[in-house]
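Please read the structure below before turning to the comments.
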Amino acid sequence: MNEKGVIEAEFIQIINNEFSRPNTTVAGFNSVRFDDEFIRNALYRNFFDPYRREYENNNSRWDIIDLVRATYDLRPDGIRWPERNELNRPVFRLTALTEANGIDQVGAHDALVDVRATIAIARLIKEKQPRLYRYSYDLRSKNRVKRLLKAPFGGEHTSLALHTNPLFSSEHGNTRLILPLTYLKTNSNAVVCFDLSCDVEPLLSAAEETLMTVPGVFTISINKCPFISPVNVLTKELEKKLGIDSALAATRAAYIRTHPNVLATIHRMKDTFERVDDVDYQLYDAFFTTRDQQVFETLRRAEPSEKMSFLNRVQDPRFGNLLFRHVGRNWPDAFTEEEYTRWMSHCANRTLNPPGDGKMTWKFFYRSIEEKLESIDVTPQEKQILAELKEYGIALEAKIFG
């Protein structure tokens, strides 16, 4: 069943080597918000630097999904757009885009099929709207984004910006006029912004505990390729199409600027990051020190039987549990008898009391598979995969519980 697979440590080494090739950009479709988080966490669990491949050797990452949204809103010509959904909002699913534009995507959600579809959509936009494509590609640079998001309060001239974001999804599109307020003290890559289509009074009266829940308040991460456009892009025709009232937005921005207490409130805000009491999910708790990362390089090269001997060579409190789980996931045969017993106990606890919302219990796992196997909407090929997945689950359960 597993003869073609590789262990996680080997898998992420292959991925990291590929993503770290100099002078390359890793791009995807909704990858920055989704896929990249899986990659970062897998790198973290296996003692690689989770971020280096994103910036070193002239490397970068990019996401075309907001380029697609911005193309629809700002420069839609040349692309055939899918029918709107039941809420009369534009649709940006990859399968819908490829179907509308006659691009073959048989086997959607098969990784290679989706990669080719993403390339085809990117190529189509580059061909039909080359200037917009190039502009979006340059937004990989957080310094470029920073120049567009002047803070505080839009800079000296209260410069507004156009921002394309699924947060703004409506029948008009996904783009609105915003005012950059200021950077978070706890995160220099996060700009607190205000959607100028919203009423400003709740913002002006908010306390630091509630400010981020005020309608219109949100953050932009300048290192996540946000789609920001200068205001001069906004023609009268576009204003009408996007449902934007630029005069009202400018008035609201000027009014906010007369209330510097908003900045003080933001600067008093505590870090709202919710810490998870599980080492597998503590990537963002802290950076590992340079010294620890040097130890990690040696650890990765060590033989499986040597890895647990590194236990006291790293001071970070996360390391002990991370190392134990790292060895268990990849080389359980390298454990002593006592360590192996602890590992199997951990596996049992993990499957009986899964983290997160706790839905993925054995009962839920098997029931979900059975429901899909009985469904006439599932293809024979998919049912074969489901049957193999069920078989894998049975074998795994037997291995853990005997």
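The values are calculated or read from the model by the stated rules, or taken from the named source; none is laboratory data. Only a predicted model underlies this, so the values are computations on that prediction, with no experimental measurement involved. All Cβ positions, even for glycine, are placed from backbone atoms using ideal geometry, and neighbour counts span all protein chains on display.
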### Query
Of the residues that make up segment 160-173, is at least one of a type outside the set (A, V, I, L, M) and farther than 30 Å from ASN101 by Cβ?
no
#### Entry: Residue tally, condition touching a residue at least 60 places away in the same chain (Cβ under 8 Å), part of a helix (DSSP H, G or I) and farther than 24 Å from ASN46 by Cβ, over segment 252-310
10
### Query
Filtering segment 140-169 down to residues that are crowded, with 18+ Cβ neighbours inside 10 Å and without any contact (Cβ under 8 Å) to a residue 40 or more places away in the chain, which residue is farthest from ALA254 (Cα to Cα)?
PHE168
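Is one or more of the residues making up segment 145-153 closer than 28 Å to ARG84 by Cβ and of a type in the set (Phe, Trp, Tyr)?
No: zero hits.
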### Query
In segment 191-219, how many residues are assigned to a helix (DSSP H, G or I) and among the charged types (D, E, K, R)?
1
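Looking only at segment 216-235, filter to residues that are of a type outside the set (Val, Ile, Thr) and within 14 Å of ARG176 (Cα to Cα); which one of those is surrounded by the most Cβ atoms within 10 Å (Cβ to Cβ)?
PHE227
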#### Entry: helices (runs of 4 or more DSSP H) wholly inside segment 316-402 that include at least 1 residues being among the hydrophobic types (A, V, I, L, M, F, W, C) and farther than 20 Å from GLU8 by Cβ
337-352, 362-374, 380-401
## Note on the structure
Within segment 164-180, the count of residues that are part of a loop (DSSP other than H, G, I, E, B) and of a type outside the set (Gly, Ala, Ser) comes to 4
### Task
Looking only at segment 330-346, decide whether some residue is in contact with a Lys or Arg (Cβ under 9 Å, 6 or more places away or on another chain) and either more than 21 Å from ASN46 (Cα to Cα) or surrounded by fewer than 16 Cβ atoms within 10 Å (Cβ to Cβ) (or both).
yes
### Query
Of the residues ILE64, ILE39, which is within 30 Å of PHE310 (Cα to Cα) and not polar (S, T, N, Q)?
ILE39
### Message
I need the full set of residues from segment 174-206 which are β-branched (Val, Ile, Thr) and either without any contact (Cβ under 8 Å) to a residue 12 or more places away in the chain or closer than 20 Å to ILE244 by Cα (or both), in order please.
### Response
THR175, ILE178, VAL200
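For every residue, the table says whether it meets (1) touching a helix residue (DSSP H, G or I) at 6+ places or on another chain (Cβ under 7 Å); (2) assigned to a loop (DSSP other than H, G, I, E, B); (3) within 16 Å of CYS225 (Cβ to Cβ).
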site: ARG147; (1), (2), (3): no, no, yes
site: GLY154; (1), (2), (3): yes, yes, no
site: HIS157; (1), (2), (3): no, yes, no
site: LEU162; (1), (2), (3): yes, no, yes
site: THR182; (1), (2), (3): yes, no, no
site: SER188; (1), (2), (3): no, no, no
### Matching option when the condition is crowded, with 22+ Cβ neighbours inside 10 Å, farther than 16 Å from ASP138 by Cβ and not assigned by TED's automatic domain parsing to the domain that holds ASP285, among ASN41, ASN46
ASN46
### Query
Among the candidates VAL231, VAL191, which residue alone is over 26 Å from the mean Cα position of the chain (by Cα) and under 30 Å from THR25 (Cα atoms)?
VAL231
### Query
Counting just the residues of segment 170-204 that are modelled with pLDDT of 95 or more and exposed (fewer than 15 other Cβ atoms within 10 Å of the Cβ), which one comes out farthest from ARG75 (Cα to Cα)?
GLU201
### Query
THR213 fails exactly one of the following numbered conditions: (1) in contact (Cβ under 8 Å) with a residue 40 or more places away in the chain; (2) over 18 Å from ARG144 (Cβ atoms). What is the number of that condition?
(1)
### Query
Going by the conditions given, is ARG45 of a type outside the set (A, V, I, L, M, F, W, C) and under 28 Å from GLU8 (Cα atoms)?
yes
### Task
Taking the residues in segment 365-384 that are of a type in the set (A, V, I, L, M, F, W, C) and more than 21 Å from GLU397 (Cα to Cα) as candidates, determine which candidate is surrounded by the most Cβ atoms within 10 Å (Cβ to Cβ).
VAL378
### Query
Do we have VAL191 as over 23 Å from GLU54 (Cβ atoms) and either of a type in the set (Ser, Thr, Tyr) or not assigned by TED's automatic domain parsing to the domain that holds TYR51 (or both) here?
no
